[in-house]
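Quick note: the coordinates plus some simple rules give every number you see, no bench work behind them. Owing to the predicted nature of the structure, the values given are computational and were not obtained by experimental measurement. Heads up, the Cβs are rebuilt from the backbone with ideal geometry, glycines too, and the neighbour counts pull from every protein chain shown.
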Amino acid sequence: MNRSHRATASAHPNIALAKYWGKRDFGHNLPAVPSLSVTLDGMCTTTTVTFDDALEHDEFLLAGAPAADGPTGRVVTMLDRVRAASGLRARARVESANDFPTAAGLASSASGFAALAVAAVRAAGLDWGAERTSDLARRSSASAARSLFGGFVELDAGPEHVPDEGALLSARPVFPAEHLPLAVLVCVATEGAKAIGSTDGMRATATRSPYHAAWLADAPRVFRAMKTALDARDFPAVGELAEHSALAMHANAIAAGLVYWTGVTIDVLAAVRALRARGVPVYATIDAGPHVKVLSRPEDAALAGTWMRAVPGVLRVIECAPGGGARVLGDVAEAP
Ligand code: PMV
């Protein structure tokens, strides 16, 4: 009999306020430093996984079209882990859609692998909680582990030695979304895909940057200070630390020859500093792409948005607030 098992899940991207850049060098996709992020509403990935005995191989459709070999391979790797854990042997069709530019440094891998993990675990009938599902997502994209949860979320550095088989490294929620009133203005600088993925970028940085050891030493301090500033709901301290974390990460990457920025990135950064010089507390953070995300208090978001939209080259500004975790939208345990 031809049976299929299907589930749909959604997840939001997250932006790290204290960033991770660099992995343990013995594999297992373990971050070398801790990180702390905020999950963003306003952008969303929705993914349906259908395990179907009639399929001969796994299929990955992104926005309705077959995805390239690279992303498909990463999806198959996660599906293989789910099959190994559940005993399910059927191949799967994965249909995923983002309501924001894919692979342009807008954290689509975070929301993508979080939604995929939740949908695949559910479709396979595994009775896994968020902790184990977060670990599954982390094996594909470390930042995806954080998108399992809403609000402010931390992910420890991986262990310093090869972990035991089955050891988990999962993200943890630290403060709920409403803990700190916050607006995040995503200043979209390109709709195109980024040149160098974060895994290759991290490897190149660790190999070639003369500043990598300094980054590895500084990032845990920034992470701890960020937690303290968040605990105190001290928005200027959160913003200053976030901007420092992003600039230190990019200084390290740039020293290895990896320039994710464009002229628009620099111009938005300058606009943030000009607005701050006028007494408005706004701060910048930047992931592995050209888009600046501006952090502001909700009451300053309209003014900050007006300023950033006026920067030549900013295509649009997506306004986000702290959002919720990944969730199952619907499932069919055994569809014909
Ligand atoms: O999740 P990955 O392995 O694709 O890397 C994410 C790296 C940054 O977004 C730049 C920083 C972070 O902590 O999210």
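Taken one residue at a time, the phi angles of region 118-129 give Karplus couplings (6.51, -1.76, 1.60, θ = phi - 60°) of 5, 5, 5, 4, 5, 5, 7, x, 7, 8, 9, x Hz. Gly and Pro are set to x. Just tell me which aspartates and glutamates come within less than 14 Å, Cα to Cα, of residue 19; anything on the same chain fewer than 8 places away is out. Straight-distance partners of residue 19: 154, 156, 218, 240, 243, 287.
Each residue of region 134-151 is assigned a 3J(HN,Hα), and the resulting list reads 5, 5, 4, 4, 4, 5, 8, 7, 4, 5, 5, 4, 6, 6, 5, 10, x, x Hz, derived from the Karplus form 6.51 cos²θ - 1.76 cosθ + 1.60 (θ = phi - 60°), x at Gly and Pro. Close amide-amide hydrogen proximity is noted between residue 100 and 44, each under 5 Å apart and 5 or more residues distant or on a separate chain (H modeled in the peptide plane; Pro and chain starts excluded).
Students often check this: by mean Cβ neighbours within 10 Å, which of 15-24, 160-169, 57-66 ranks highest, and how do the rest follow?
Details: 15-24: 25.3, 160-169: 10.8, 57-66: 14.0.
Packing order, densest peptide first, comes out as 15-24, 57-66, 160-169.
What does the helix-only formula give at 222 nm for the chain: each DSSP H stretch with n ≥ 4 adding -39500 (n - 2.57), the total divided by the residues, and the result rounded to the nearest 500 deg cm²/dmol? The per-residue figure over the chain is -12000 deg cm²/dmol. The relative contact order of the chain, computed from alpha carbon pairs under 8 Å that lie at least 6 residues apart in sequence, is 27 percent. Within the chain, the percentage of alpha carbon pairs spaced more than 24 angstrom apart rounds to 53%. Between residue 327 and residue 211, the distance separating the two model label sites (each 7 Å from Cα on the Cα→Cβ line) works out to 4.1 nm. Here the Karplus relation 6.51 cos²θ - 1.76 cosθ + 1.60, evaluated at θ = phi - 60°, turns the backbone of region 229-245 into coupling constants of 5, 5, 4, 7, 6, 8, 4, x, 5, 4, x, 5, 5, 5, 5, 4, 4 Hz, with x for every Gly and Pro. Here region 183-320 is assigned +1 on the Cβ of each Lys and Arg and -1 on the Cβ of each Asp and Glu. Its dipole about the Cα centre then comes out at about 120 debye.
Straightening the chain between residue 237 and residue 167 buys 21.7 nm, computed as 0.36 nm per residue apart minus the Cα-Cα spacing. The orientation-averaged shadow of the Cα convex hull for region 183-320, equal to a quarter of the hull surface, comes to 8.3 nm².
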